[in-house]
Amino acid sequence: MRKGFIVALVVVTVAFIFFIMIARRAEEGLVVSPPLLDEEQIEEIKAEAVKEVAREIEVFPPVEEIQYERRGFSEWKHTLEHSPSSLERMEAIRALHAFGPAAVPVLIEKVERGEDRWTRKWAISSLGEIGPMAKDAVPVLMKVLREEESVLLREEELVLLRETAATSLGKIGPMAADAVPLLIETLKEDEWRMRLAAAGALGGIGPLAQDAIPALRELRNDENELVRFHSRGSLERIR
């Protein structure tokens, strides 16, 4: 009995040591990762994502049946388009995301031609809250991510808009796969908030962001603790 216990203890100890060694080697990048997806698998994931979004849109209630705080879609849309108050526009944007896919064109319009940076920022964020059903917003969110500092847009304001755009791309998920190369470039920026937002977005896109694995591995040694943490989490979601 005692001999069996000792044997079992040795087996458990060896297994534990082996696990620790593997974990350390993985941290150092010495363990071979599972093979990357081939083209056929990528297309299958994309096709399934498209089907899932179509199902979500199909079961989403008709816009005329939805009310938010006792007001319908057309009322909130009118407030957003005509109110001189930035607070009222913010409230309208917050309300519109509850109307799902019907709100996407309206919000895209505000991202492209918002009265001020806050209206644009709220519209970008609201598109992310709609999630995969906001797939049509991916090109305009990528455009925001490419924006540069200008006379009308100071550095701090630019970072705010761009990091919000990256975060929203991640919430749209696999349907935002076209943004992966741009997000990989964003991982290399000096501004830690942009690296953080891009790392999180790539994790949200999931396996279709496999091209980002080398860059995310490098970020495990980033100077910023949050960037390190989120890059590790995103690697797990991608692999």
Excluding V53 itself, what net charge comes from residues whose Cβ is under 14 Å from its Cβ, given Lys and Arg +1 and Asp and Glu -1? 0
In nm, to one decimal, how far is the R94 label point from the V59 one, both placed 7 Å along Cα→Cβ? 2.8
M133: net charge of surrounding residues, Cβ under 15 Å, Lys/Arg +1, Asp/Glu -1, itself excluded? -1
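Once Rh is set to the Kirkwood radius over Cα pairs, what Stokes-Einstein translational diffusion coefficient, in µm²/s, holds for the range 53-145 at a temperature of 10 °C and a viscosity of 1.306 mPa s?
On the way: Rh = 13.2 Å.
Stokes-Einstein gives a translational diffusion coefficient of 121 µm²/s.
Where does the charge balance sit around P174 when Lys and Arg score +1, Asp and Glu -1, over other residues with C-beta under 9 Å from its C-beta?
On the way: positive: K46; negative: E48, E52.
Around P174, the surrounding residues sum to -1.
Every number in this text was worked out from the coordinates using simple rules, so none of it is lab data. Small disclaimer: the values here were computed from a predicted structure and weren't measured. With ideal geometry, Cβ positions are generated from the backbone for all residues, glycine too; neighbour counts draw on all protein chains shown.
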